[in-house]
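Asker: Let me give you the structure first, and then I'll get to my questions.
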Amino acid sequence: MVILGWFALVAQFYINASLKANPVPEMIIRYFTYFTILTNLIVALSCTVLLFKPGSKWGIFFSQQQSLAAITVYIVIVGLIYNTILRFTWAPKGLQRVVDEILHSVIPILFLIYWLAFTPKNRLQWKDIPAWLIFPFVYIVFVLLRGSASGFYPYPFIDRATLGLNKVFINAAGITLVFIIMSLVCVFIGKLLTKNIERPIKSTQE
């Protein structure tokens with residue numbers, strides 16, 4: 001997952017740069033305005049740190065159950081939104097198609113499997129969810145503010161110039177609801193798995 005993640009991120013940057021559609025500073029800014037890129041970057045960073053520096057300050061942060069669950073929520077939603085809404089809006093070819101599949105399908109599936117199978121979840125609480133929503137909230141505010149100034153919106157469902165502000169707010173509210181639902185599912189899974197583990201232990205003690 002570490003190798004795949006960094007390969008896809010670097011390859012996508014190379015593809016964007018090779019198009020020469022915008023000046024380099026603008027190209028770099030636009031590259032980092034995609035939620036897909038930011039989330040996959042978080043996944044790549046967290047996996048790299050946990051693999052090579054698990055005892056470091058960042059290793060401790062990324063190993064926390066709340067951090068891993070939040071990252072799972074973000075990357076799974078990347079996969080869900082792309083594969084249900086955005087996949088049908090274009091037809092990438094060659095390297096772009098390979099990168100596209102890694103960022104939007106392979107990494108989300110692999111990280112979800114990693115979270116489900118290999119990470120503890122017994123400390124997840126419903127009260128953790130509001131903190132997980134800060135990142136997507138800050139992201140959408142930044143994208144809308146920058147879009148109003150630059151005219152560039154990374155995703156069609158938040159394109160204020162085309163849809164209008166009311167429609168964008170409705171779409172943003174819908175996406176927020178998806179984040180909340182996915183977060184609830186993650187906490188529910190954590191509590192469910194914890195109960196299933198505790199029951200055999202209690203039975204053994206009795």
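Each reported figure results from applying straightforward, stated rules to the coordinates on display, with no laboratory input. All values reported here derive from a predicted model rather than from experimental measurement. For neighbour counting, all protein chains shown are included, and Cβ atoms are generated from backbone atoms with ideal geometry for every residue, glycine included.
Asker: Among PHE135, LEU165, GLY94, flag the residue with its Cα farthest along the positive direction of the charge dipole of the chain, charges on Cβ as +1 for Lys/Arg and -1 for Asp/Glu.
Answerer: Of PHE135, LEU165, GLY94, it is PHE135.
Asker: Students often forget the sequence filter, so: which lysines lie under 24 Å Cα-Cα from LYS195 once same-chain residues fewer than 8 apart are removed?
Answerer: Candidates past the 8-residue exclusion: LYS121, LYS127.
Asker: Still on this structure, please answer the following. Please report Rg (one decimal) and Dmax (integer) in Å for the Cα set of the range 121-189.
Answerer: Rg, Dmax (Cα atoms, Å): 14.4, 45.
Asker: Nothing charged except the Cβ atoms of Lys and Arg (+1) and of Asp and Glu (-1): what's the magnitude of the dipole of the range 2-205 about its Cα centre? Round to the nearest 20 debye.
Answerer: Using only the charged Cβ atoms, the result is roughly 360 debye.
Asker: Let me ask something additional. Can you give me the Cα centroid spacing of the range 158-192 and the range 36-91 in angstrom?
Answerer: The range 158-192 and the range 36-91 have Cα centres separated by 17 Å.
Asker: Can you pull out the trypsin sites (Lys or Arg not before Pro) in the range 1-108 whose DSSP state is coil and whose Cβ has at most 12 other Cβ atoms within 10 Å?
Answerer: In loop regions of the range 1-108 (DSSP not H, G, I, E or B), the sparsely surrounded trypsin sites (Lys or Arg not before Pro) are LYS20, LYS93.
Asker: With axes computed from alpha carbons, what is the tilt in degrees of helix 65-81 against the longest principal axis of the chain, rounded to the nearest 10 within 0 to 90?
Answerer: The two axes meet at around 40 degrees.
Asker: Angle check, please: helix 35-52 long axis (alpha carbons) against the longest principal axis of the chain (alpha carbons), in degrees 0 to 90, nearest 10.
Answerer: Between helix and principal axis, roughly 40 degrees.
Asker: Moving to a separate point now. Where does the charge balance sit around ILE140 when Lys and Arg score +1, Asp and Glu -1, over other residues with C-beta under 12 Å from its C-beta?
Answerer: Net charge around ILE140: +2.
Asker: Going toward the positive end of the dipole of the range 2-205, with +1 on Lys and Arg Cβ and -1 on Asp and Glu Cβ, which of LEU4, LEU145, ILE77 do you reach last?
Answerer: Result: ILE77, furthest along the dipole toward the positive end.
Asker: To continue, here is another question. Identify all lysines with a Cα-Cα distance to LYS93 below 19 Å; exclude those on the same chain that are fewer than 8 residues away in sequence.
Answerer: LYS20
Asker: Using alpha-carbon pairs under 8 Å, 6+ residues apart, how would you state the relative contact order of the range 2-205 in percent?
Answerer: 23
Asker: Can you give me the Rg/Rh ratio for the range 1-114, using Cα atoms for both radii and the Kirkwood formula for Rh?
Answerer: Answer for the range 1-114: 0.99.
Asker: Give me the Kirkwood hydrodynamic radius of the chain, using the inverse of the mean 1/r over all pairs of distinct Cα atoms, in Å to one decimal.
Answerer: 18.5
Asker: On a 0 to 90 degree scale, rounded to 10, what angle separates helix 165-205 from the longest Cα axis of the chain?
Answerer: 20
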